[in-house]
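Report on the structure given below.
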Amino acid sequence: MTAIRPGVPKATGVETLGGHTARQVLRLCEAAGLNGADSAAYARTVLAALGPVAERSLALPPPDRSFLSDDHTPVEFSLAFVPDADPTLRVLLEPGCGADSLEENGRTGLRIVREMARRWGFSTARLDELEDLFFPPDPEGPLALWCALELVPGGVPRVKVYLNPAASGQERSADTVREALRRLGHKQAFEALPEGDRHLFFALDLGDWEEPRVKVYLAHHDLSAAEAAGLSRVGGGTGGPGQPEVKRFFAMAAGHDTDTDADGLEAEDGQDPRLGRRPVQSCHAFTETATGRPSGFTLYIPVRDYAPHDGEALDRAVAVLDRYGVDPAPLLRSLSAVTPRRLQDGVGLIAYLGLAHQQGRPPRVTAYISSEAYEVKPPTALPTLPAVPSQRRAARRVAGSG
Ligand code: TRP
């Protein structure tokens, strides 16, 4: 492994992709409250999962045009926050990055996930059952397999796998998702999904989870806050997000300078702008097969396309965290753990902000942090929306969460 030199600026002549990301993992682990042994184990795990591209010099272009991040670094970090606890650090990576073909990329991904399963003693049976659906001989993009690791204390991560519903063609993706859900016992789940423009990912929790989820991700072009608030299909009125809550989160993350009423109704002028630059995503999580309904809903706002620079993106993240009663300090520490640059000097370090509701659990706020191994996107001047006057600017917390 490359020697760890905290605070060293990136891209000296000898800097490698693996060295860069491993150092970020170590520093992020510390920022998230993990101990030194766990941090070192997780840095090694990430290097092993990256495989040969870890050795690649950062002076070279990215190994391929990975869809995982904007600058094609095959690694992205995220933090999941709930009140009164350390955040959970996660890392998303593409084990097959740099393979000669997408088919080979997928094969490598499967091999790495199976190696993890042997090492940590979990089953890949549910993934194995889907292999023919998501790994056809001549797959289409934009990905083959991504893997996310939740870096929990103890050195053994929780593992999630992300598959491509369009592997056998975009036009077949709905059928692929329906069949995959059916094989996993979720026979009515497909019918429960809301409308979307595209099926983006099909994801599985593998290993030691209390309630392993099967998740379907949808992309929504030109979505408004009101439409976003109508996307959850979580059943029974117990733990599903309230529509006002989702609307409020959407507006805060998107930076729409409207203030909603305490009950979340639209501001007086009824302004409800749509997000047209990059689609919003929704995720629908299934944990039981009895009701046919999802038990979890997450909304992801690609804040980087709707903020001029990361300083602004951070302000929005902090406002959302405050609303949910979460200390923003670990997020601030994490951003400095990943990059020495000033937040105003680029945009995209914070890629997405998410709000997750899982039945029976407190809402979680998630922030996705780019590695920026290859590129920092310069700040942009966004056309600003007309300001809406408001007398109710004071920060408010969601009932029961603060
Ligand atoms: N880079 C892709 C995108 O922006 C995929 C992706 C990476 C993503 N991290 C994500 C999508 C977090 C949603 C949430 O869409």
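Residues of segment 194-239 being aromatic (Phe, Trp, Tyr) and within 16 Å of the ligand (Cβ to nearest atom), which ones? Phe201, Phe202, Tyr217 - these are the residues of segment 194-239 that are aromatic (Phe, Trp, Tyr) and within 16 Å of the ligand (Cβ to nearest atom). Let me spell it out: the conditions are (1) under 21 Å from Asn35 (Cα atoms); (2) of a type outside the set (Asp, Glu); (3) assigned to a loop (DSSP other than H, G, I, E, B), and Leu92 meets all of them except one. Which number is the exception? Of everything listed in (1) under 21 Å from Asn35 (Cα atoms); (2) of a type outside the set (Asp, Glu); (3) assigned to a loop (DSSP other than H, G, I, E, B), Leu92 misses just condition (3). For first residues located in segment 152-170 and at positive phi, partners that are hydrophobic (A, V, I, L, M, F, W, C) and outside any strand (DSSP E or B) and lie 6+ apart or on another chain with Cβ distances below 6 Å form the pairs Gly155/Ala41. Taking the criterion of being of a type in the set (A, V, I, L, M, F, W, C) and either surrounded by fewer than 23 Cβ atoms within 10 Å (Cβ to Cβ) or more than 16 Å from the ligand (Cβ to nearest atom) (or both), the residues of segment 51-78 that qualify are Val53, Ala54, Leu58, Ala59, Leu60, Phe67, Leu68. Screening Glu150 against (1) within 16 Å of the ligand (Cβ to nearest atom); (2) within 18 Å of Glu76 (Cα to Cα); (3) touching a helix residue (DSSP H, G or I) at 6+ places or on another chain (Cβ under 8 Å) leaves a single unmet condition, (3).
Of all residues in segment 161-177, exactly one satisfies the criterion of being more than 29 Å from Met116 (Cα to Cα) and either under 19 Å from the mean Cα position of the chain (by Cα) or of a type in the set (S, T, N, Q) (or both), namely Gln170. Is there any pair linking a residue in segment 280-309 that is closer than 23 Å to Val347 by Cα to one that is among the polar types (S, T, N, Q) and assigned to a strand (DSSP E or B), with Cβ under 6 Å and at least six apart or on different chains, and which? Within 6 Å, the pairs are Leu299/Ser282; Tyr300/Gln281. In this entry, Gly36 passes the filter for residues that are of a type in the set (Gly, Ala, Ser), surrounded by fewer than 16 Cβ atoms within 10 Å (Cβ to Cβ) and away from the ligand (no atom under 13 Å from the Cβ). Per the conditions (1) under 17 Å from Val159 (Cα atoms); (2) within 13 Å of the ligand (Cβ to nearest atom), the sole criterion not satisfied by Val46 is (2). From the list Glu179, Glu171, Glu191, the lone residue that is more than 16 Å from the ligand (Cβ to nearest atom), surrounded by 14 or more Cβ atoms within 10 Å (Cβ to Cβ), at pLDDT 95 or above and part of a helix (DSSP H, G or I) is Glu179. For Arg107, the conditions (1) assigned to a helix (DSSP H, G or I); (2) within 29 Å of Pro302 (Cα to Cα) are fulfilled apart from (2).
The values are calculated or read from the model by the stated rules, or taken from the named source; none is laboratory data. The model shown is predicted, which means the values in this text are computed figures rather than measured ones. No Cβ is skipped: glycine too gets one built from the backbone with ideal geometry, and neighbour counts run over all protein chains shown.
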